[in-house]
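Asker: Take this structure first; my questions come after.
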Amino acid sequence: MKRKKLNVESFSYYGAEIRYIGALPEEDTVFLSGGKNMGKEGIVSMYRSSLEASANEWSVSYIPGLQYSEAVERGLYERDKGALFAFVPMGIKCASLSLISRCLVTGGGVISTVNDDSVFSLEALSSCRSLAHSLSRATIIGNENLSSIPYSILSALDEGRDVGVLESALNGKGVRNLVREGAPIVRSFSDFLSNPRYISFPYVKGKYGIMGERFGLMDIERHEK
């Protein structure tokens, strides 16, 4: 079956041509940055963060195809109030129709930093992370394999944007150094917000869940009788 032609747009960012389909992240977007060997605790925290972000009407950006990616998508879809932005470490033409559809249906988009037909590479993965940091208002680091602090994260801290790390990622030297630079340790996305409306909490009968863990979602503004 012939692939339907999609409208690919582009813009220049510090001399690099960025290609995308759909929309670009707006102000209230959090980048959930994960990687390999996150473990159950880290993946569950990413799910909770995505769930809380969506409930509080924030959008979520992430890297698809990694260990934590499905948890991010699942958390956002639970509430379906935020857009999903996928930063793909490959050419935009190599992104699957399924991924593109999952993003576009939320009002989000798919973004690439490399040539249209480029396949996956570690360099592309690094550039995707850097761009996602730069285009998102907040970042949560869940990747313990961070050996050093990328310039894009240091810039985010200098600019006063929120950067936090998951406790489960503290095995990484770079992550610990990030904490020393002032990044707080967070349990999930709601720790970033001074006045969140929705907060998730462990609850055995909760409506939401992943990997055997269940959660409720509390509306702070609702007075229970």
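The values are calculated or read from the model by the stated rules, or taken from the named source; none is laboratory data. Predicted model only: the values in this text are computed from it and were never measured. Here Cβ is always computed from backbone atoms with ideal geometry, including for glycine, and neighbour counts include all displayed protein chains. When the accessible area is computed, the model is the full protein with side chains, heavy atoms only, and any ligands, DNA or RNA have been set aside. Shrake-Rupley method; radii C 1.70, N 1.55, O 1.52, S 1.80 Å.
Asker: Quick one: pull the percent of accessible area on segment 102-213 belonging to carbon and sulfur, 1.4 Å probe, ligands and nucleic acids left out. Working shown, then result.
Answerer: Numbers: 2820 of 5730 Å².
Answer for segment 102-213: carbon and sulfur cover 49 percent of the accessible area.
Asker: What number comes out for accessible area per residue over the chain if the probe is 1.4 Å? Units Å², please. Before the final figure, lay out the partial values.
Answerer: Details: 11590 Å² over 225 residues.
It amounts to 51 Å² per residue over the chain.
Asker: While we're looking at this one, here's another question. P(r) of segment 181-225 in 5 Å steps, Cα pairs, percent per bin?
Answerer: Computed distribution, short to long bins: 5, 19, 21, 23, 16, 10, 5, 1, 0.
Asker: Size of segment 54-118 along its principal axes in angstrom, Cα-based, largest extent first?
Answerer: 36, 23, 18
Asker: Which of the three applies to segment 114-225, rounded, prolate or oblate, going by the alpha-carbon gyration tensor with a ≥ b ≥ c and a/c under 1.5 meaning rounded?
Answerer: Details: a/c = 2.00, a/b = 1.70, b/c = 1.18.
Since a/c reaches 1.5 and a/b is larger than b/c, the shape of segment 114-225 is classed as prolate.
Asker: Given Cβ point charges of +1 (Lys, Arg) and -1 (Asp, Glu) and nothing else, what value in debye, to the nearest 20, does the dipole of the chain about its Cα centre take?
Answerer: Numbers: 26 positive and 26 negative charges, 142 e Å.
My answer is approximately 680 debye.
Asker: Right, next: Pull up all non-local amide H partners of Val186: gap of 5 or more, or a different chain, and H-to-H distance under 5 Å with H placed in the peptide plane.
Answerer: Val165, Leu166, Glu167
Asker: Taking H placed 1.01 Å from N in the peptide plane, check which residues at least 5 places from Gly216 or on another chain put their amide H under 5 Å from its amide H.
Answerer: Counting only residues 5 or more places away or on other chains, the set is Phe201, Tyr203.
Asker: Per residue, what volume in Å³ does the convex hull of the Cα atoms of the chain enclose?
Answerer: Details: hull volume 29.4 nm³, N = 225.
Residue-normalised Cα hull volume stands at 131 Å³.
Asker: Greater than 29 Å separation of Cα atoms is the criterion. Which listed pairs, Lys40/Lys93; Lys81/Lys173; Lys173/Lys207; Lys36/Lys93; Lys93/Lys207; Lys81/Lys205, meet it?
Answerer: Working: Lys40/Lys93 32 Å; Lys81/Lys173 35 Å; Lys173/Lys207 36 Å; Lys36/Lys93 25 Å; Lys93/Lys207 37 Å; Lys81/Lys205 23 Å.
Those over the limit are Lys40/Lys93; Lys81/Lys173; Lys173/Lys207; Lys93/Lys207.
Asker: Would you pull out the residues with amide H under 5 Å of Ser59's amide H, same chain only if 5 or more places away, H placed 1.01 Å from N?
Answerer: Thr29, Val30, Ala83
Asker: Would you please classify the overall shape of segment 134-193 from the alpha carbon gyration tensor, given that a ≥ b ≥ c denote the square roots of the eigenvalues, rounded means a/c under 1.5, and beyond that prolate means a/b larger than b/c while oblate covers the rest? Kindly include the intermediate steps, with their values, before the conclusion.
Answerer: On the way: a/c = 1.76, a/b = 1.13, b/c = 1.56.
Note, shape of segment 134-193 comes out oblate.
Asker: Now for a different question. Ignoring ligands and nucleic acids, what accessible area does Arg74 show with a 1.4 Å probe (Å², nearest 10)?
Answerer: 100
Asker: Could you run the Debye sum over the Cα atoms of segment 55-182, one equal point scatterer each and no solvent, and tell me log10 of I(q)/I(0) at q = 0.09 Å⁻¹, two decimals?
Answerer: Each listed q corresponds, in turn, to -0.26.
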